[in-house]
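Data first, discussion second: the structure below is written as structure tokens.
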Amino acid sequence: MDRSAPAELLDIAVEVARDAAATAYRMRVEGVSVAATKSTVTDVVTAADRAVERQVVDALRRLRPGDAVLGEEYGAGETGPVAPGGVRWIVDPIDGTVNYLYGIPHCAVSLAAEVDGEVVAGVVRNVSTGEEWTATAGGGAWRDGERLRCSTETDLGQALVATGFGYDPGRRAHQARVVAELIPHIRDIRRFGAAALDLCLAAEGRVDAYYEKGLAAWDQAAGALVATEAGLLVAGLGGLPAGPDLVIAAPAALFKPLHDRLADLDASGGP
Ligand code: LIP
């Protein structure tokens with residue numbers, strides 16, 4: 001089998017993510033505290049974020065020497081650039097770190113494999129519940145062996161929409177204004193706190209749609225593939241791909257009405 005075949009890469013991603021989630025779980029039980037802050041005083045990193053990413057990078061080095069790795073905590077510095085046709089792994093060791101710190105069971109290890117800029121395999125594993133979402137490009141989205149299909153909701157006014165807020169107070173204020181203007185036009189908002197899991201919940205219709213500004217590649221790479229393979233449209237505003245400006249994930253019937261509302265509300269704007 002081609003060593004870079006999506007199925008082969010997924011097997012490795014799942015093996016590595018399961019071990020990583022077990023480490024994160026054990027370290028939570030042993031007690032966790034803030035090790036440092038990053039972009040703002042509320043943007044925290046714990047010793048577990050670092051230890052888990054270290055473990056993932058070491059495992060990938062062992063299993064896939066020569067592949068590149070981009071991680072939230074150590075960036076791309078550990079393995080250097082990726083060669084054409086090569087594989088780059090994108091890892092968020094603990095997505096939903098604030099939830100992890102507070103003991104809220106909504107945080108996950110997210111690991112994706114990308115080839116020539118396209119994510120071809122991904123896994124998101126909830127550290128607390130053990131729920132595991134997987135997908136390969138063209139191979140569908142799955143949770144614990146069940147094939148996933150997204151919501152069939154067609155009326156934005158009936159849609160349950162998940163979203164999130166950044167760590168910068170000015171950005172949060174802008175995002176809160178967008179929510180305040182959007183909420184009369186939808187069923188309700190949910191703020192769970194981990195983009196990778198939020199995209200997976202949207203993938204299986206536990207919410208009808210999701211959007212967020214300010215996500216990094218590691219927050220959304222694996223979850224966006226799961227969402228896409230479950231039938232959601234995942235993109236930004238104005239035909240742009242999903243990215244830091246905005247990620248919108250919605251079924252085809254809801255995408256345009258949600259997109260247009262968010263565009264009117266300048267959801268990709270602000271700090
Ligand atoms: C989190 C995202 C979440 C967002 C938070 C934060 P982290 O990532 O998953 O969607 O609302 O502000 O960015 O920092 O826990 O890896």
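Bear in mind that the values in this text are calculations on the coordinates, not laboratory data. Bear in mind the structure is a predicted one, so any value in this text is a computation, not a measurement. Neighbour counts are summed over all protein chains in view; Cβ atoms, including those assigned to glycine, are modelled from backbone coordinates with ideal geometry.
Could you size up the charge dipole of the range 18-127 around its Cα centre, putting +1 on the beta carbon of Lys and Arg and -1 on that of Asp and Glu, and report it in debye to the nearest 20? Walk me through the numbers before you get to the answer.
Details: 11 positive and 15 negative charges, 71 e Å.
With Lys and Arg at +1 and Asp and Glu at -1, about 340 debye.
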| task | Filter the trypsin sites (Lys or Arg not before Pro) in the range 1-101 down to the DSSP loop ones having no more than 16 other Cβ atoms within 10 Å, then list what survives. | result | Arg3, Lys38
| query | Which distance in Å, rounded to a whole number, links the C-alpha centroids of the range 80-103 and the range 106-139? | reply | 10 Å
| task | Assuming a ≥ b ≥ c are the square roots of the Cα gyration tensor eigenvalues, decide whether the range 186-258 counts as rounded (a/c under 1.5), prolate (otherwise, with a/b larger than b/c) or oblate. | result | rounded
| said: Translational diffusion coefficient of the chain at 25 °C, 0.890 mPa s, Stokes-Einstein with Kirkwood Rh over Cα pairs, in µm²/s as a whole number. | reply: 133 µm²/s
| task | Could you please state, rounded to a whole Å, how far the C-alpha centre of the range 157-188 is from the C-alpha centre of the range 36-70? | result | 30 Å
| remark: Other residues with Cβ under 12 Å from the Cβ of Ala36 give, with Lys and Arg +1 and Asp and Glu -1, a net charge of -1
| remark: Residue-normalised 222 nm signal for the chain, counting each DSSP H run of n ≥ 4 as -39,500 (n - 2.57), nearest 500 deg cm²/dmol, is -11500 deg cm²/dmol
| said: Looking only at the chain, where both bridge partners belong to it, what percent of the DSSP beta bridges are antiparallel (to the nearest 5)? | reply: 80 percent
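Return a whole-number percent for the relative contact order of the range 1-113, with Cα pairs under 8 Å and 6 or more residues apart as the contact set.
Once divided by the residue count of the range 1-113, the mean separation gives 25 percent.
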| What trypsin sites (Lys or Arg not before Pro) in the range 101-210 are in a loop by DSSP, with at most 13 other Cβ atoms within 10 Å of the Cβ? | Arg191
| task | Please report the relative contact order for the chain, taking Cα pairs under 8 Å with a sequence separation of at least 6, and give it as a percent rounded to a whole number. | result | 16 percent
| message | Given Cβ point charges of +1 (Lys, Arg) and -1 (Asp, Glu) and nothing else, what value in debye, to the nearest 20, does the dipole of the range 206-271 about its Cα centre take? | response | 100 debye
| message | Given an 8 Å cut-off on Cα distances and at least 6 residues of separation, report the relative contact order of the range 133-213 as a percent. | response | 40 percent
| Lys/Arg Cβ at +1, Asp/Glu Cβ at -1, dipole of the chain taken about the Cα centre: which of Ile183, Leu148, Leu63 is farthest positive-ward? | Ile183
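Treating the beta-carbon of each Lys and Arg as +1 and of each Asp and Glu as -1, no other charges, what is the dipole magnitude of the chain about its Cα centre, to the nearest 20 debye?
Result for the chain is approximately 380 debye, rounded to the nearest 20.
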